[in-house]
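Right, one structure below, let's go through it.
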Amino acid sequence: MAQRLATEYVNATLQMTEFQMNQFLLSADTCYISHRVKVLGGGEQEIVLEEAGGEEVHLSFERKGSIYVGKLSCRVVNPHLNNAVRKLFVTYKGTGTVHRIYKGFTMMYYYVAGSVRQISEITPSGSKLIYQHKHTAAEMLKLYHSNLVEEEIASLRRQVDLLLDARNTAGSLSRIAELDGELGAAAERLFQLEA
């Protein structure tokens with residue numbers, strides 16, 4: 001098994017309540033990791049997670065109402081610090097890109113609300129898709145109950161009626177040919193939607 005060299009968090013974000021923030025801070029200190037909190041202007045906070053060897057990760061949090069929105073862009077090498085940041089990111093439903101770097105290749109994970117949506121392997125010769133999230137039952141149910149297709153069909157039918165009225169009053173053959181082209185495109189789209 002390949003040994004991970006580092007992990008990069010690229011433009012990652014996460015959200016937590018004040019209670020969750022306090023819980024995280026209580027659990028953040030271990031025998032390997034310590035933390036400091038810097039209070040910045042405007043209610044912003046910066047949490048610094050530090051590994052005993054000196055490696056640090058800086059998380060900036062901005063308060064928006066009762067929620068803290070955290071931003072994370074860093075490269076982590078130490079396994080203990082990496083584990084702490086990974087747990088934070090997944091527990092508090094982080095969104096963003098995570099690069100797990102190995103010798104000769106990088107695994108790129110794309111997260112949305114704490115769950116993996118896509119995994120790609122990046123090598124010097126190119127990129128290969130490894131995994132892509134498929135629709136869950138809840139998403140399929142939401143899609144099933146959606147009426148966007150019916151709304152588009154109704155809109156297309158109104159458009160066809162207007163085009164037919166315009167065709168009936170058109171004075172030139174070129175205008176009729178133009179309207180026939182638009183009617184053909186609308187009919188094809190209706191056929192696709194109703195199929």
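Quick look at the numbers
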| item | result |
| --- | --- |
| Neighbours by Cβ (under 6 Å, 6+ apart or cross-chain): first from segment 99-112, in contact (Cβ under 8 Å) with a residue 24 or more places away in the chain and farther than 12 Å from V10 by Cβ; second open to solvent by 40 Å² or more (accessible area, probe 1.4 Å) and small (G, A, S) | Y102/A2 |
| Count of segment 113-132 residues which are open to solvent by less than 50 Å² (accessible area, probe 1.4 Å) and either closer than 30 Å to E194 by Cα or touching a His at 6+ places or on another chain (Cβ under 9 Å) (or both) | 2 |
| Unique match (being of a type in the set (D, E, K, R), surrounded by 17 or more Cβ atoms within 10 Å (Cβ to Cβ) and closer than 24 Å to N22 by Cα) among E51, E56 | E51 |
| Any chance S73 is among the polar types (S, T, N, Q), open to solvent by 60 Å² or more (accessible area, probe 1.4 Å), modelled with pLDDT of 85 or more and out of contact with any His (no Cβ under 6 Å at 6 or more places or on another chain) | yes |
| Strands (runs of 3 or more DSSP E) (entirely within segment 1-74) containing at least 2 residues that are in contact with a strand residue (DSSP E or B) (Cβ under 7 Å, 6 or more places away or on another chain) and acidic (D, E) | 45-51, 56-64 |
| Exclusive hit being over 30 Å from A52 (Cα atoms) and of a type in the set (D, E, K, R), set R86, R100, R117 | R117 |
| Filter result for M107 (surrounded by 15 or more Cβ atoms within 10 Å (Cβ to Cβ) and modelled with pLDDT under 90) | no |
| For D180: the one exception among (1) more than 30 Å from G104 (Cα to Cα); (2) touching an Asp or Glu at 6+ places or on another chain (Cβ under 7 Å); (3) open to solvent by 60 Å² or more (accessible area, probe 1.4 Å) | (2) |
| Residue count for segment 36-48, restricted to those that are farther than 11 Å from Y68 by Cβ and open to solvent by 50 Å² or more (accessible area, probe 1.4 Å) | 7 |
| A28 being open to solvent by less than 70 Å² (accessible area, probe 1.4 Å) and of a type in the set (A, V, I, L, M) | yes |
| Selection from segment 139-160 of residues that are free of Cβ contacts under 8 Å to residues at least 24 places away in the same chain, among the acidic types (D, E) and open to solvent by less than 90 Å² (accessible area, probe 1.4 Å) | E139 |
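The values are calculated or read from the model by the stated rules, or taken from the named source; none is laboratory data. Note that the structure is a prediction, hence the values are computed from the model and not measured. Note that each Cβ is placed from the backbone with ideal geometry, even for glycine, and that neighbours are counted across all protein chains shown. The accessibility values were calculated without ligands, DNA or RNA, using every heavy atom of the protein model including side chains. Shrake-Rupley method; radii C 1.70, N 1.55, O 1.52, S 1.80 Å.
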